[in-house]
Amino acid sequence: MSLEYSRQTPRWLPRSNARQAFVATLCSAASIDDAVSTLHTTLGNLPILGRRDYGTNACAITIECVPAEAWALLQTLRQRLQATDVYLQPRDTLPIRLLICDMDMTIVAAETLDEVAAQLGMGERIAAITARAMRGELDFDAALRERIGMLAGQPEQVFHDVASQLQLNPGAREMLAAAKAADVHCILISGGFAQVAEPIALRLGFDEVYCNHLELAKGRLTGKVLAPIVNADYKCNVLQRAAQARGHGLAACCAIGDGANDLPMLRAAGLGIAYYGKPILRAASACHIDFTDLSSAIHFMRLNGDPGRAA
């Protein structure tokens, strides 16, 4: 295995050169046995300290190595594993105490503004702008104002209609339930709008919700967004303020998102998870969910017991 440093290197990589216990968490959309077999053949002489299984499609295997070996192992496994999400982290990583999640294409299976536009017959025009903004090709604030400007005069009710029709992404409900059971403080944060984000937060039991607000006149959109806009910097600031207010270091925080505007908060959090992330986010994130669903985040956050003990 060759060591490759990049923008996505986890914060634990330069922390120490000491030999230590690392937890390799495997979540498979196919056969977990095949994934474990691939892990074993990739380990070489690295010793295994224990294994813990989580149902039929996930497990945690504890190995002993230096951080550089763990990082190289993670990259090699991503190349070799089939339909399996994997992450490695030190066994002594702090427990997650705060979870902050993006909404569109993360908690819900849609870009909600695109859904609104589709109902109004403007779907393709607005979706094209959304896609470019989420890839980091456009300034987020300007792209948001442009899209809302195109909706001037339209009824607010269409946002409520979209909210009532939205489907949650698979595993979202399970992830929130596990986080709440572990007494993790949960925040939903969205560049979308209150008419959608607030019902979703209530539906899943988030403790707080941050989102944008439309300017309205007699139940119709004026084409303007009220300040402040929930952009990349705003998301990161909410994470930092929430962690400080609750007495947690950022190392005890997990952030999950899919777009370029989620990058700062994912990089700031101790655990940043790119959920089916856009290329710019995946390139800068050490932890990915690319094949499974949000229930895998339960295992990456290690909310289900001590992986250091054998099952």
With no solvent and one point per C-alpha, what does the Debye sum give as log10 I(q)/I(0) for region 154-278 at q = 0.14 Å⁻¹?
-0.66
Provide the per-residue ³J(HN,Hα) series for region 263-271, in order, calculated from phi with Karplus coefficients 6.51, -1.76, 1.60 and θ = phi - 60°, each as a whole number of Hz, with x at glycine and proline positions.
4, x, 6, 5, 6, 6, 6, x, 10
Return the Rg/Rh value of region 2-80, two decimal places, where both radii are evaluated on C-alpha atoms and Rh is the Kirkwood radius.
0.96
Go from 0 up to the bin containing the longest alpha carbon distance in region 94-303, width 10 Å each, and give me the % of pairs per bin.
9, 37, 36, 15, 2
Counting only DSSP loop positions in region 126-164, the trypsin sites (Lys or Arg not before Pro) whose Cβ has at most 15 other Cβ atoms within 10 Å are 135
For residue 125 and residue 16 in one chain, what is 0.36 nm times their gap in residues minus the Cα-Cα distance, to one decimal in nm?
34.3 nm
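Helix-derived [θ] at 222 nm for the chain: sum -39500 (n - 2.57) over DSSP H runs of at least 4, divide by residue count, nearest 500?
After summing the helix terms and dividing by the residues of the chain, the value is -11000 deg cm²/dmol.
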List the lysines whose alpha-carbon lies under 24 Å from that of residue 180, not counting same-chain residues fewer than 8 positions away?
235
Using the Karplus equation 6.51 cos²θ - 1.76 cosθ + 1.60 (θ = phi - 60°), what ³J(HN,Hα) coupling, rounded to whole Hz, does each residue of region 17-26 give in order, writing x for Gly and Pro?
9, 6, 5, 7, 7, 10, 9, 9, 9, 10
Where does helix 194-204 land angle-wise versus the long Cα axis of the chain, in degrees 0 to 90, nearest 10?
40 degrees
Quick calc, residue 217 & residue 283: beta-carbon distance into FRET formula, R0 41 Å, rounding 0.05, result 0.45
Contour excess over end-to-end distance, with Cα ends at residue 79 and residue 45 and 0.36 nm allotted per residue
10.3 nm
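Please state the relative contact order of region 94-303 as a whole percent: Cα pairs under 8 Å, 6+ residues apart?
In percent, rounded to a whole number, it is 27.
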Rg (one decimal) and Dmax (whole number) from the Cα set of region 30-145, in Å, equal 20.5, 60
Scalar couplings 3J(HN,Hα) for region 211-226 by Karplus 6.51 cos²θ - 1.76 cosθ + 1.60 (θ = phi - 60°), nearest whole Hz, x for Gly and Pro, are 7, 7, 10, 7, 7, 10, 9, 6, x, 10, 6, 7, x, 10, 10, 6
Charge tally for neighbours of residue 134 with beta carbon under 11 Å away, counting Lys, Arg as +1 and Asp, Glu as -1, is -4
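We did not get these values from a lab; they are worked out from the coordinates using the rules stated. What you see is a predicted model, and the numbers here were worked out from it, not measured in a lab. As a convention, Cβ positions derive from the backbone with ideal geometry for all residues, glycine included, and neighbour counts pool all protein chains shown.
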